[in-house]
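All remarks here apply to the structure that follows.
FYI, it's all coordinate maths here, none of it is from the lab. Worth saying up front: this structure is predicted, and the values here are computed from it rather than measured. Note that we place each Cβ from the backbone using ideal geometry, even for glycine, and neighbour counts take in every protein chain shown.
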Amino acid sequence: MNIGVLGAGQLGRMLALAGYPLANRFTFLDTTGHPSAGIGEVMVDTDRRHLDDFLAKVDLVTYEFEHLPVSLVQAIEEVKPVYPSSEAIRICQNRTEEKALFDRLEIPTPAYRIVESAAALETAARELGCPVVAKSVTEGYDGKGQAVLRDPAGAMEAWRDIGHPQLIVEAFVDFVREVSIIAVRGRDGEVVFYPMAENQHVDGILRYSIAPMPDLDERVQQNAERYIRALLDELDYVGVLALELFQTRDGSLLANEMAPRVHNSGHWTMDGAVTSQFENHLRAIQGLPLGDTSARMPTCMVNVIGKEGDPTALLGIVDAHPHRYDKSARPGRKLAHINLLAPTHDELLDKVRTCAALLPDAPLPRFSFEGGN
Ligand code: AMP
């Protein structure tokens, strides 16, 4: 089976690495002009001149990047099966659509308003109570296109800084931790869930994910599973879906956003779970049985951003597994991640600190359960 992948970054690279043992081949369609997958056949197509060639080569199409023109994905759907569908992309590209879907499925979110002027932003900030987070409705990711307002009087400045005609304004959640759940739905509707991860973001970018969490109440996992299953079934979704949530002091979950693809907070599964999110995505889209999602051991994914550390020293950590993306170093760029495994969370935290100390400019790892286990 030749799998066509829209997008050609590190997520596509890791999909291909998981797919070769399944006898898959990969053709990537890169619409950005900056592919980095470095694997399979990469077709650079910034002006839609090579789409027919791409489609002639592939049996089915998936994507590793959701900021694609919906019309492109819809056009592809006319010719080849696309999993997940263009509908999933359409919703995930637009925070208004995403929030409306969460509301319809009774998935709790932070209180929010949609605004289309600086004056409306100021009113929303007053009604919701500061601090609030203003986010551009489209084209925002990794904390881009966002501003935190500590006072409604900052509305004009935030409006200008973001520079987008429509914003979502959210109440700022006083969360205990940020978490995510990753689930996979097969072509026959079977759904499997990974154990939730705790995620540490710095400046809107994911730095560390730990799964399973040592202190997770089973009911929290079950609630997250209920929410993501509702999304999967509603969208008749096929493949991996990620849902990012805030966990509050009373244990309840508020949905932040979802991603219709393999996700950075699921990279721990490459070494820490029986079946990785990449393999399970490929199984799902090809109609194959889904693999076991259990964790083998407490695992932490450490993102390597901007600069790579000394590989020899990093490999000296027992049960450390680097996954390098073969990209040139640039500030803020995701260059690699390292999966660390340990039999207990205490030992794992020691390894995470050792690893962080070997990475230039890595932030201090902090987890909600530190000291408590
Ligand atoms: P997002 O692009 O929506 O994932 O936001 C990036 C990061 O900003 C999140 O991972 C949080 O750390 C923070 N953030 C976003 N929305 C909120 C919110 N309503 N309350 C508190 N923190 C938030």
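Brief remarks on what is shown
- Taking 29 Å as the straight-line reach from the Cα of LYS99, the lysines in range (excluding those fewer than 8 positions away in the same chain) are LYS135, LYS144, LYS334.
- A simple rule links phi to the HN-Hα coupling: the Karplus curve 6.51 cos²θ - 1.76 cosθ + 1.60 with θ = phi - 60°, which for region 342-355 gives 8, x, 10, 5, 4, 5, 5, 4, 4, 5, 5, 5, 4, 5 Hz, with x for Gly and Pro.
- VAL79, VAL192, VAL58 arranged by Cβ crowding within 10 Å, fewest neighbours leading: VAL79, VAL192, VAL58
- FRET efficiency for the pair ALA75 and THR96, taken as 1/(1 + (r/R0)^6) with r the Cβ-Cβ distance and R0 = 25 Å, rounds to 0.55.
- Reachable aspartates and glutamates from LYS327, criterion Cα separation under 15 angstrom, eight or more residues apart if same chain: GLU308
- Extension gain, GLU106-ASP151: 0.36 nm per intervening residue step, less the Cα-Cα distance, totals 13.2 nm.
- Prolate/oblate/rounded call for the chain, Cα gyration tensor, a/c under 1.5 rounded: rounded
- Reducing region 150-215 and region 50-95 to their Cα centroids gives an inter-centroid distance of 24 Å.
- Computed over the chain with a Gaussian network model linking Cα atoms closer than 10 Å, the most mobile of ARG49, ARG324, ARG113 is ARG49.
- Residue-by-residue Karplus 3J(HN,Hα) for region 77-91, coefficients 6.51, -1.76, 1.60, Hz, glycine and proline x: 4, 5, 10, 9, x, 10, 10, x, 6, 5, 5, 5, 5, 4, 6
- Alpha-carbon centroid distance for the pair region 281-328 / region 1-39, whole angstrom: 17 Å
- Here the chain is assigned +1 on the Cβ of each Lys and Arg and -1 on the Cβ of each Asp and Glu. Its dipole about the Cα centre then comes out at about 540 debye.
- The stretch between LEU60 and THR354 holds 101.6 nm of extra length on full extension. This uses 0.36 nm per residue minus the Cα-Cα distance.
- J(HN,Hα) series, region 321-335, from Karplus relation 6.51 cos²θ - 1.76 cosθ + 1.60, nearest Hz, glycine and proline x: 10, x, 10, 9, 9, 6, 10, 6, 6, 7, x, x, 8, 6, 9
- When THR269, THR312 are arranged by Cβ crowding within 10 Å, least crowded first, meaning fewest neighbours, the order is THR312, THR269.
- Order of ARG226, ARG13 under a 10 Å beta carbon neighbour criterion, fewest first: ARG226, ARG13
- In straight-distance terms, cross-link reach from LYS307 covers every one of the aspartates and glutamates whose alpha-carbon lies under 19 Å from its own, apart from those fewer than eight places away in the same chain; here that gives ASP142, ASP203, ASP326, ASP361.
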